[in-house]
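Read the figures in this text as sums done on the coordinates, not as results from a lab. No experiment lies behind these values; they were computed from the predicted model shown. Note: ideal-geometry Cβ built from the backbone for every residue, glycine included; neighbour counts use all protein chains shown.
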Amino acid sequence: MQSISADETNEVRPHQGPIFRLPPEILTEIFLNWKTHTPEKQGLRVLSLTWVCHSWRELALSLPLLWSRIDFKNGDWVQHALTHSQDVLLSIDADIPWNKDPLLSTILASLSRIQRLSLSFDSTSSLQLSTSDDPAPFLEYLELKQFDMADKIFSGTVPSLREVKLSDCTFSWPYIPISTNLTTLSVIDAEAGPTYALVSILRGTPNLEILLLDDAFAAEIIVECEDPVPLLRLQSLTVHREWYRTTTSLLQQISIPPSADVSPKSLA
């Protein structure tokens, strides 16, 4: 009998380990579970699955859900991910620098199936989004940073929208995309307008639970309020860096449950 050396016994041969003998059904579950527990910004990590061997590549490319979370900061693989995600709902995280307007065009082309959208703009590329008339029927989460909102976006059609987070943006309150399903509205560093303009859109958010306003208002215009907006499901109201009379005016124009956590930190 031919003897086997210790080196040969311990040798790990490429693509011959137990994991490479798993049936595709189990390997599919492993891939998708790995994706679920991988941090949001996966980037090239998903693509790396296609580099292991031919069978892994074929399987990974056949799983649209594996490609549904797209980080546009790794621009080289974006079109690859969009193609293999086929028609599943997308989660997109993107920085749009001044010289990357084509990235925004790519995003807008997939707007009809985007579920979560987080965009950080500069003043140049934001204009294209403002002129988008396409609806976003499945959009549930929207986060915009450094965005100049010159008009309503997505034609105001966002029936599934639940969370809106705006930071360091320029806009008027009526331009904010909202839906009756909205549960969270966070506005930081905006100076978007007086409280009555915000209150007018809050009438369309009966399910609002969290409202965070941090330096969100422009000069206050006091108006007579005879019919406060009922926010019966509100759980948390946070008002930071606003003038005292602005905060007072807001509280006079809305009606919230006694159990709501109210944290006003106004300027004198």
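Just subtract the alpha-carbon distance of Ser112 and Ser259 from 0.36 nm times their residue separation and send over the number in nm, one decimal. Don't skip to the end; give the middle numbers.
Numbers: separation 147, 0.36 × 147 = 52.92 nm, distance 3.81 nm.
In short, 49.1 nm is gained.
Neighbour counts of other C-beta atoms within 10 Å: give me Cys53, Cys169 arranged from fewest to most.
So the ranking, lowest neighbour count to highest, is Cys53, Cys169.
Show me the ranking of peptides 82-90, 208-216, 184-192, 23-31 by mean Cβ neighbours inside 10 Å, starting with the highest. Before the final figure, lay out each step's value.
On the way: 82-90: 16.0, 208-216: 20.2, 184-192: 18.7, 23-31: 12.6.
With the highest mean Cβ count within 10 Å placed first, the list reads 208-216, 184-192, 82-90, 23-31.
Along Cα→Cβ, 7 Å out, is where each label goes; now give me the distance between the ones at Asp168 and Thr83 in nm to one decimal.
It works out to 3.5 nm between the two label points.
Any idea what Rg and Dmax come out to for region 68-267 if you just take the C-alpha atoms, in Å?
Here Rg and the maximum Cα pair distance are 17.6, 56 Å.
Would you mind classifying region 131-187 by shape? Square roots of the alpha carbon gyration tensor eigenvalues, ordered a ≥ b ≥ c; an a/c under 1.5 is rounded, otherwise it is prolate if a/b is larger than b/c and oblate if not.
oblate
For region 68-267: lysine pairs with Cα atoms under 21 Å, gap of 8 or more or different chains, count?
7
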